[in-house]
Amino acid sequence: MAYDIAAFIWPSYTGDEPRTRIFWPEGYGEWQTVKAMTNKGYKGCRWPRIPTWGYVNEADSRVMEMQINCAVSHGVNVFIYDWYWYDNRPFLENCLNDGFLKARNNTDMKFMLMWANHNANHLWDKRNSDRDLDTVIWSGVVTPEIFSNICDRTIEKYFSRENYYKIDGKPVYMIFDFDNFIRSFGTTQKCKAAIEEFRRKTVEAGFDGLHFQVVHWSGRTYGWLNDNDECKGVDAYKLFDYLGIDSVTSYNWGCLVNFDGDFADVTKAYCDKLASESEKLTVPFYPNISVGWDNNVRFYDFMPGVVTDNTPDKFKAACENIKTFTDNSVANGIMKAPFITVNSWNEWTETSYLQPDDLYGYGYLEAIRDVFTD
């Protein structure tokens, strides 16, 4: 089976967009935070880590040509770009537009968008992250009119590319923060109408339809909805059915389980939860493989929640487990494609990346290659 191994890309490793200097004033994106990380002495801290490729500008097409070659040769054949829209305009789009899409070999792999529509706060600014994560710098909530414009722009600018990722001929569009997405329309009834309108526009553009995918967070209910909303108080499973969601996935394992402790234990917890959640859902659950988790890179003080001993060997075992789940789901007709998300290609500040470094070299990429390719 030819697997679609889709790695998330955090497009912050560039200074090409002026607004990035709000968070990283030195002018080369969140590499500023990565370079400043030292060993803090807590269990599991394996810093500093040095990128094998250096602190490259990922909005440079020549850099992305090299990274595409590396990804494809190790079995990573889809990039999922975290995509942002703040203050009625895109943010951090340079890595996709100027890096990936201008790379001469970009058609060697597929790409797709995940609208990362969470609120922006001081998490990205290490100068303020310890003392202020409550202040909203930019809201991820938009208006229905803005979403309609986003749909038009997405279809014209990205869906139209021959290498945009599709399932059953339908472009796959992922939403990160589904609560914020609903808030953009006020009620689930209006949210449903907006999704249907997006589908209509996609079909009119010549596609077989739209594959609308959301990140699933375990245990989420919707008691916060307005009293006149017919879905008030329902759980996510019923809400997905009502809205006609096509599938769900995880951004990382923290969406389902406590992302803390030994990697092997977290792997088992996620795989068990993945199986039980899949039984509750009436839509496919496309699984995720996470490299690890340690967000202390973004903080001066210690931030609880650290995955330890996430060696390439243990990561390879996790890949085997997810491969088995995928094979069974495809064979049983549950999953329409062998699509597996990976967190991530380059989340250095969350210590969850496939890119090579001075600690494990190409070990994680070699694990992907060994498990998912011939």
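Values quoted throughout were computed directly from the atomic coordinates according to the rules given, and no laboratory measurement underlies them. Bear in mind that the values here come from a model prediction, so they are computed numbers and not experimental data. All Cβ positions, glycine included, derive from the backbone under ideal geometry; neighbour counts span all protein chains shown.
Mean shadow of the stretch 69-200, computed from the convex hull of its alpha carbons, in nm²? Intermediate values should be presented prior to the final figure.
Values: hull surface 39.3 nm².
Quarter of the Cα hull surface area: 9.8 nm².
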Lysines whose Cα lies under 23 Å from that of K232, excluding same-chain neighbours fewer than 8 positions away: K190, K192, K280
If packing is taken as the average number of other Cβ atoms within 10 Å across a peptide's residues, how do 244-257, 168-181 rank, most packed first? 244-257, 168-181
In nm, to one decimal, how far is the D241 label point from the N328 one, both placed 7 Å along Cα→Cβ? 2.3
Listed residue pairs exceeding 26 Å between alpha carbons, taken from K273/K314; K102/K314; K273/K323: K102/K314
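Please go through the stretch 11-117 and write out the chymotrypsin sites (Phe, Trp or Tyr not before Pro) that DSSP classes as loop and that have at most 11 other C-beta atoms within 10 Å. Show your work: numbers first, answer last.
On the way: sites: Y13, F23, Y28, W31, Y42, W53, Y55, F79, Y81, W83, Y84, W85, Y86, F91, F100, F111, W115; in loops: Y13, F23, Y28, Y42, W53, Y55.
Passing sites in the stretch 11-117 do not exist.
How fast does the stretch 1-93 diffuse by Stokes-Einstein, in µm²/s, taking the Kirkwood radius from C-alpha pairs at 20 °C and 1.002 mPa s?
On the way: Rh = 15.2 Å.
Translational D for this selection: 141 µm²/s.
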Cα to Cα, under 19 Å, and not fewer than 8 places away if on the same chain: which lysines meet these conditions relative to K35? K126
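How high is the relative contact order of the chain, in percent, with contacts defined as C-alpha pairs under 8 Å that are six or more residues apart?
On the way: 707 pairs, mean separation 72.0, N = 374.
For the chain, the relative contact order is 19 percent.
If you scale each eigenvalue of the Cα gyration tensor by 5 and take the root, what three semi-axes come out for the stretch 170-254, rounded to whole angstrom and sorted largest first?
Values: eigenvalues 98, 56, 18 Å².
Working through the eigenvalues yields semi-axes of 22, 17, 9 Å.
State whether the stretch 91-148 is rounded, prolate or oblate according to the following rule on the C-alpha gyration tensor (a ≥ b ≥ c being the square roots of its eigenvalues): a/c under 1.5 gives rounded; otherwise a/b larger than b/c gives prolate, and the remaining case gives oblate.
Values: a/c = 3.52, a/b = 1.64, b/c = 2.15.
Oblate, since a/c reaches 1.5 and b/c is not below a/b.
For the chain, count the residues as N, evaluate 2.2 N^0.38 Å, and divide the Cα radius of gyration by that value, please. Let's see the in-between values first.
Values: Rg = 19.7 Å, N = 374, 2.2 N^0.38 = 20.9 Å.
Computed over Cα atoms of the chain, the ratio equals 0.94.
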